[in-house]
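A.B. asks: Can you read through this structure? Questions will come right after.
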Amino acid sequence: MMGTQTEVEPSLGNRIHRKDDPSRALADLPPSLEIRAHWTVGAEACEQLRELLVDLPRYEGVRVTPDSKRRGFFDLHHDGRTYYFYVYPSRRHVMLLAVWQSELE
């Protein structure tokens, strides 16, 4: 039987998503999403990431790439910046580990 490949991602709340669309793994994060940050990351970057994640479909040009070596870790590219973060299994918290200027747009 031919069809769209799916995979279950246990670390993201057993959500089923298409293998070729990593942003679907981040769909439906709650508006009350709490962003925790590494001490080197500022509050402004945390708020920007939270806004992007809770309303991901609204933003054009956002690219989400899962870390192929670490389950639950992602790069999010938007507006000349890259955010590297971890989504906790509860999907209520995100740990923002790093932000940098990128040339991937």
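A.B. asks: Scan region 51-62 and tell me whether some residue there is at pLDDT 90 or above, surrounded by fewer than 18 Cβ atoms within 10 Å (Cβ to Cβ) and hydroxyl-bearing (Ser, Thr, Tyr). Step through it out loud before you land on a result.
C.D. replies: So the first thing to find is which residues in region 51-62 are at pLDDT 90 or above, and the list is 51-53.
Keeping just the survivors that are surrounded by fewer than 18 Cβ atoms within 10 Å (Cβ to Cβ) gives 51.
Next, only the ones that are hydroxyl-bearing (Ser, Thr, Tyr) stay: none.
No, because not a single residue in region 51-62 is at pLDDT 90 or above, surrounded by fewer than 18 Cβ atoms within 10 Å (Cβ to Cβ) and hydroxyl-bearing (Ser, Thr, Tyr).
A.B. asks: Looking at the structure I just gave you, is Thr40 surrounded by 11 or more Cβ atoms within 10 Å (Cβ to Cβ), over 17 Å from Phe74 (Cβ atoms), modelled with pLDDT under 85 and of a type outside the set (Phe, Trp, Tyr)?
C.D. replies: It is false that Thr40 is surrounded by 11 or more Cβ atoms within 10 Å (Cβ to Cβ), over 17 Å from Phe74 (Cβ atoms), modelled with pLDDT under 85 and of a type outside the set (Phe, Trp, Tyr).
A.B. asks: For region 33-91, which strands (runs of 3 or more DSSP E) that fit wholly inside it have 3 or more residues that are under 11 Å from the mean Cα position of the chain (by Cα)?
C.D. replies: Once the strands (runs of 3 or more DSSP E) in region 33-91 are filtered for at least 3 residues that are under 11 Å from the mean Cα position of the chain (by Cα), what remains is 63-66, 73-78, 81-87.
A.B. asks: So for region 70-80 (the condition being farther than 15 Å from Leu49 by Cα and exposed (fewer than 15 other Cβ atoms within 10 Å of the Cβ)), does at least one residue qualify?
C.D. replies: yes
The values are calculated or read from the model by the stated rules, or taken from the named source; none is laboratory data. Small disclaimer: the values here were computed from a predicted structure and weren't measured. Reconstructed Cβ throughout: ideal geometry from the backbone, glycine too, with neighbour counts over all protein chains shown.
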